[in-house]
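A quick write-up on the structure given underneath.
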Amino acid sequence: MYVSYKWLQDYVDLTGVSPDELAEKITKSGIEVEGVETLNEGISGVVVGYVLEREKHPDADKLNKCQVDIGAGEPVQIICGAPNVDKGQKVAVATVGAVLPGNFKIKKAKLRGEVSNGMICSLQELGFESKLVAKEYSEGIYVFPEDTEIGTNALDQLFRDDQVLELGLTPNRADCQSMLGVAYEVGAILGREVKLPQTEVKTGTEKAADYIKVTVDAKEDNPLYVAKVIKNVTIKPSPLWMQARLTAAGIRPHNNVVDITNYILIEYGQPLHAFDYDRLGSKEIVVRRAADGEEMLTLDNAKRKLTADHLVITNGQVPVALAGVMGGANSEVQANTTTVLLESAYFTGGTIRKSSKDHGLRSEASSRYEKGVDPHRARPAAERAAQLLAEYAGGEVLEGSVEADHLSVEPAVVSVDINKINRLLGTELSVQQAADILNRLQFSTSVDGGELTVTVPTRRGDITIEEDLIEEVGRLYGYDNLATTLPIGSSTPGHLSDYQKKRRMVRGFLEGAGLYQAVTYSLTSEEKSLQFAMEARTPIKLAMPMSEERSILRLSIIPHLLEVLKYNAARQNDSLAIYETGSVFLSTDEGDLPEEKEHLSAAVTGLWETHPWQGEKKPVDFFVLKGILEGLFSKLGILDSIEFRKLEKEGMHPGRTAEVLLAGISIGFVGQIHPKVEKELDLKETYVFELSLKAILAEEVAPLKYEAIPRYPSITRDIALVVDKTTTAGELSTIIKDAGGKLLKDVNVFDLYEGDRMEPGKKSIAFSLKYFDPERTLTDEDIVKAHDKVLDAVKEKAGAVLRG
Amino acid sequence: MQERLKELQTEALEKIAQAADLKELNDIRVSYLGKKGPITEVLKGMGKLTAEERPKMGALANEVRDAISSGIEEKHKQLEAAAVEAKLAGETIDVTLPGRPMKTGHRHPLTNVIEEIEDLFIGMGYTVEEGPEVEKDYYNFEALNLPKGHPARDMQDSFYITEEFLLRTHTSPVQARTMEKHKGKGPVKIICPGKVYRRDNDDATHSHQFMQIEGLVIDENIRMTDLKGTLQVFAKKMFGEDREIRLRPSFFPFTEPSVEMDISCKICSGKGCSVCKKTGWIEILGAGMVHPNVLEMAGFDSKKYTGFAFGMGPERIAMLKYGVDDIRHFYTNDVRFLQQFSIHE
């Protein structure tokens, strides 16, 4: 809502309150003022001039040479390119030395050899928004009415000496979609009186009822319809002050009739529609739901297909307006219109919202109906419009109105106890203080002990319960005046859950290991949604996606991390390590919410370690990521229950991928992405993992317990085993551990040889075995006994031969 | 004999002084102090001396030996020190060469902001609650006093999956769920961070996915002054002790009264600049007293219980705090962006 400061003064005395001060007060007590615009800001030296002579520029087809009387001294010559400039016009002249918006200074100039002492201005050049310039002046200069005084300040003549407050209205404050509504608000804030427009309509002897009959079939959609008839109107431009006010309110002037309906729309918040009575095609108005398949041409010349959801105004036969949204072309007021049928109706929000949405039409009228108008303004607004039509269109207002009245909206009566007010706000107001505040809003109140009973005018439909009244009291009392306290009462221990604590640890661990945390989108494309998923489920689609790229809920984080790697690689960062924790979404049975699982993913590409001047460049490999995972699992106390098992998975390198199992249950995978995927993304060798975060964090871990520091030495034995190439270190390690008995404390691989000196199909793996007994020093005999068992076992179970 | 010994001492000390390395020094030791050395040789002539002279000469011989050996010892130390010095000189490195780069990663700036806020409220007795990102229409809207057809649903164009399920448009459903779990019994003191989604085109200030943190307190005597006090603690901790706050009336369907909180602009100290759009204030969050319908729907007696709620966007806070000018940076994950947040503040 745009509020002209000058216009507002018609209703509230603003003496001593500057526009900026007013803006701050409004903001602090109810409605955010998003900006204050000074309409004539940065403009000076523009006067009304009179074009004495106009001739073609001798050397330029499109230019005119004008002699202009600017009300001071000799006429000046001005070269003007506007197509509509002519002799005898009163125009806005930016004289030499004038300044126009954008700090554009007007200087004496020569245009194709002819001197130009200034510039004849269009409204756009004077800071008007193009869309607000009346159509007749949109392609050229503006022409003042003939009686405008030469030499006066052109901007003052255009009523631009004003400031406009832009109010950001929240949905509950539909009442402030009108100047009157804002006036009530400002009156309450300033504690000043609100003066309503004085409406006096002289009517003729003919009765409106003889001209028109109104029937409302759709009573719920249209509880009140008021029609007035105004004869003998003359269509012409509306007065400049009215045009100026409409422009300030963001509405483009058209002609007096349309402008007056718009003026009332802004003043009362009541949408009006003017029909050309003679083009109506009948003497009746019937308001009904459209029939499915019915059609109409709205005045923007668009053919509208209607359904039974849409409310229409008809002439008894065909629609003449899409109710509350837009008039029909068939009954539009035209230059030759003489009799106007004025509609002032109360339509309910739901119907209008449906029409407006279905037809993609949002008008000043429809948005007001949607948010809610005061049903009791339809009558006074119609009277006021009739008055203005008589005054500015020379119309003759017929006696009476024709109404279809099924309205049953009464002012709400809401009671609230002062203790409740004080309890919720934390204030210590007396019941009288609260009543005074509500009275400032022109709510009537009665006090009974601590109980305050309030009658709320219908313009404030947002107030229905006591909390609404408490808000009114609070905001006008001033939130600045509230004390600052902290909640008292039962204390609660603040903490993170174990899961949240561990998740923070996991993040810290990975960051310490050199990975950056990434945050990516949950929505993805159909193609990507199927890649790298740990569980195959039907992807979950949005009903109405904004793009294919973001139409499906992700099943894996990896495609998103690869996208990040690709983005960075294309910007000279082809070595990068990132991770993300976030949800993936798995579809479930119909009717249930999807299963959301928090996953942990990482992607590492390019060089892992570099020490340039020492010539060290180590690309990432499988064991870098596996090492990180082992470190993480160890930190989480679950390493002993973890197993890595070779895995073949779509999109992954068939020989370099492992499934990760926790206590025998698959919880994710780690490995190199398939080289063809690397190639597609233009990435170097890239390794990823994805795990169920919940699985690794939820695992119960035995409480920490101190173990005595060994008093006896341990003994280490190394063995190198020659085995088939297909035998894995993991298998051998398990055999050794099983066979080693309780003295064997640790088994580690320390060498792997697959070189030329091996028999084909064979490799050598060397293990270091650590034996230890916490109770005593081990003897050679003990070791030999245990070690022999190990050697027998590997020989028997894996066909391993000790390497000589 | 006496002279000979003196001579030997002088001669040996001279040689010692000239010894160039440890080997030479050792040779000197062996040649003078060894069993076949000149001193022993000289002492062989002791037999010719008188009984009176013998002890004197013996003492003198010992003196000479001592002098030579301590000379050697002294020289030994010198030579050893020189050898170490020479070795170390050879080991000199250029200490200005760069060190081995240590791999470091860092938390995403949004996580930084969220964790900072979480910790702040944990300190005030809140727990952190999370909930599903795909929500039931009921928890996302209806339980929050936004029945079907409510005009305020216009404010949040949503990504629906079915008629009943949608990507949550705020983290408020977590509040609704938590309240329900409390079965009408206070106190509730929670903070809910998480991802939310709205049908917006991505541009510098809009993102179809973003973060939100909301807080909720319900107890028997929660007042609006408590909300103001809590927000003041938050604002000063988060943005600096010298920040002022103001509450402005606003509208949210789930709170009544509803407010928005501004903080005084840090850049212009409230005088007005381009960052605060010349108002001197910067909008930080929305808040209010929990609407009685919301309390009742979650099973709380609104006659007995009152509460406050607040919600804010970590992106906005990060943008203000770090001066980030485009919300898309948070989701592009350009390493040149992420790296900038690796300094521990």
How large is Rg/Rh for the stretch B:195-302, to two decimals, with Cα atoms and a Kirkwood Rh? 1.02
Average beta carbon contacts from partner chains per residue of A:590-597, 10 Å cutoff: 3
Rg/Rh for the stretch A:43-157, where both radii come from Cα atoms and Rh is the Kirkwood radius: 0.93
At q = 0.32 Å⁻¹, the log10 of I(q)/I(0) for the stretch B:214-265 from a Debye sum over equal Cα scatterers comes to -1.32
Convex hull volume per residue in cubic angstrom - Cα atoms of the stretch B:23-67: 52 Å³
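Report the convex hull volume per residue for the stretch A:478-523, counting only C-alpha atoms, in Å³. Each step should come with its number before you reach the end.
Values: hull volume 10.5 nm³, N = 46.
Spread over its residues, the Cα hull of the stretch A:478-523 gives 229 Å³ apiece.
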List the cysteines of the protein assembly as shown that have no other Cys Cβ closer than 4.7 Å: which are they? A:Cys66, A:Cys80, A:Cys121, A:Cys176, B:Cys192
Hey, got a sec? Which trypsin sites (Lys or Arg not before Pro) in the stretch A:619-687 land in a DSSP loop and have at most 11 other Cβ atoms within 10 Å? none
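Taking 8 Å as the Cα distance limit and 6 or more residues as the minimum spacing, I'd like the relative contact order of the stretch B:175-257 as a percentage. Write down the numbers at each step before the final one.
Working: 71 pairs, mean separation 18.0, N = 83.
So the answer I get is 22 percent.
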For each pair in B:Lys44/B:Lys75; B:Lys189/B:Lys303; A:Lys131/B:Lys277, compute the distance between the two Cα atoms and list the pairs where it is over 22 Å. B:Lys44/B:Lys75; A:Lys131/B:Lys277
Say we join alpha carbon atoms closer than 10 Å with springs in a Gaussian network model of chain B; which of B:Ile161, B:Ile317, B:Ile327 then has the biggest fluctuation? B:Ile161
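How would you rank A:Met534, B:Met289, B:Met238, going from fewest to most other Cβ atoms within 10 Å of each one's own Cβ? Don't skip to the end; give the middle numbers.
On the way: A:Met534 21, B:Met289 26, B:Met238 18.
Arranged by neighbour count, lowest to highest, A:Met534, B:Met289, B:Met238 become B:Met238, A:Met534, B:Met289.
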Dimensionless Rg/Rh of the stretch B:109-344 - Kirkwood Rh, Rg from C-alpha atoms: 0.96
DSSP H segments from chain B that extend 15 Å or more along their own axis, Cα-based, with Kyte-Doolittle mean of -1.0 or above: B:22-33, B:53-90, B:109-122, B:224-239
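So for A:Met1, A:Met652, fewest C-beta neighbours within 10 Å to most, what's the order?
Working: A:Met1 19, A:Met652 22.
The order, fewest Cβ neighbours first, is A:Met1, A:Met652.
Using a 10 Å cut-off on Cβ to Cβ distances, tally the other chain neighbours for every residue of B:206-219 and report the average as a whole number.
Working: counts 0, 1, 7, 6, 0, 1, 0, 0, 0, 0, 0, 4, 1, 5.
Neighbouring Cβ atoms belonging to other protein chains average 2 per residue here.
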Estimated translational D of the protein assembly as shown in µm²/s (Stokes, Kirkwood radius over Cα pairs; 10 °C; 1.306 mPa s): 42 µm²/s
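Mind ordering A:347-354, A:235-242 by average Cβ neighbours within 10 Å, highest first? Intermediate results must be reported in sequence, preceding the final value.
Details: A:347-354: 21.4, A:235-242: 16.8.
Ranked from most to least packed, the peptides come out as A:347-354, A:235-242.
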Got a sec? Charge dipole of the protein assembly as shown, +1 on Cβ for Lys and Arg, -1 for Asp and Glu; which of B:Pro147, A:Tyr771, A:Pro58 is way out at the positive end? A:Tyr771
Spatial extent of the stretch A:498-698: Rg and Dmax, with the Cα atoms as the point set, Å: 16.8, 61
Taking every pair of alpha-carbon atoms in the stretch A:203-405, what share in percent sits in each 5 Å bin, from 0 to the bin with the longest distance? 1, 8, 17, 22, 23, 17, 9, 3, 0
How big is D, in µm² s⁻¹, for the stretch A:464-589 by Stokes-Einstein at 10 °C and 1.306 mPa s if Rh is the Kirkwood radius over C-alpha pairs? 82 µm²/s
Below 8 Å between Cα atoms, with a sequence gap of 6+, how large is the relative contact order for chain A in percent? 8 percent
What Rg and what Dmax come out for the stretch B:2-90 when only alpha-carbon atoms are used, in angstroms? 15.7, 59
For the stretch A:655-779, count the residues as N, evaluate 2.2 N^0.38 Å, and divide the Cα radius of gyration by that value, please. 1.44
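Semi-axes of the equivalent ellipsoid of the stretch A:730-804: what are they in whole Å, largest first, if each equals the square root of 5 times a C-alpha gyration tensor eigenvalue? Write out the running numbers ahead of the final one.
On the way: eigenvalues 130, 29, 24 Å².
One finds semi-axes of 26, 12, 11 Å for the stretch A:730-804.
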With N set to the number of residues, divide the alpha-carbon radius of gyration of the stretch A:251-320 by 2.2 N^0.38 Å and report two decimals. 1.25
Using only atoms on other chains, find how many Cβ atoms lie within 10 Å of each Cβ of peptide A:460-469 and report the average. 2
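Any read-out appearing in this document is the output of simple, stated calculations on the displayed coordinates, not a laboratory observation. Predicted, not measured: the structure shown is a model, and the values here were computed from it. With ideal geometry, Cβ positions are generated from the backbone for all residues, glycine too; neighbour counts draw on all protein chains shown.
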